[in-house]
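The values are calculated or read from the model by the stated rules, or taken from the named source; none is laboratory data. Just so you know, these numbers come straight off a predicted model, no measurement behind them. Heads up, the Cβs are rebuilt from the backbone with ideal geometry, glycines too, and the neighbour counts pull from every protein chain shown. We work out accessible area using only protein heavy atoms, side chains counted, and drop any ligands, DNA or RNA first. Shrake-Rupley method; radii C 1.70, N 1.55, O 1.52, S 1.80 Å.
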Amino acid sequence: QVQLVESGGGLVQPGGSLRLSCAASGSFFNIATMGWYRQAPGKQRELVATITSGGRTNYADSVKGRFTISRDGAKNTVDLQMNSLKPEDTAIYYCNAKWAFGNYWGQGTQVTVSS
């Protein structure tokens, strides 16, 4: 059974940092492309960052240079380090796992950037 559980969201001031973590259960982790997506109120869900099983990363232009995605195959986790946060980063952040035979989502974690 596939399970993705996010943690680490919260309230932070502009310019601050947060680290999101996604714990994955299931035998898919080492073959899946893992990703973080976000959805702000009234907007569509959008890609934030992805990392392939080989470690290749891809970022949305809006977060390049501020966010870093990483994965740990021993722990089955994928993290998103978010620095220099802006109010426009406020959204629900979702973990995603995608491979040839599956596409799964976590339940999401709220990130609010506000003074």
Quiz item: Sorting Trp105, Trp36 by accessible area (1.4 Å probe), largest first, what list results?
Solution: Trp105, Trp36
Practice problem: For the chain, give the percent of accessible area contributed by carbon and sulfur heavy atoms, probe 1.4 Å, rounded to a whole number. | Solution: 47
Exercise. Could you work out the local net charge near Asp89, counting Lys and Arg as +1, Asp and Glu as -1, over the other residues with Cβ closer than 10 Å to its Cβ?
Key: +2
Quiz item: Whole number please: convex hull volume per residue of the Cα set in the chain, in Å³?
Solution: 94
Quiz item: Which whole-number value in Å² is the accessible area per residue of the chain, probe 1.4 Å?
Solution: 53
Quiz prompt | Distance (nanometres) between label positions extended 7 Å along Cα→Cβ at Ser7 and Gln39 | solution = 2.4
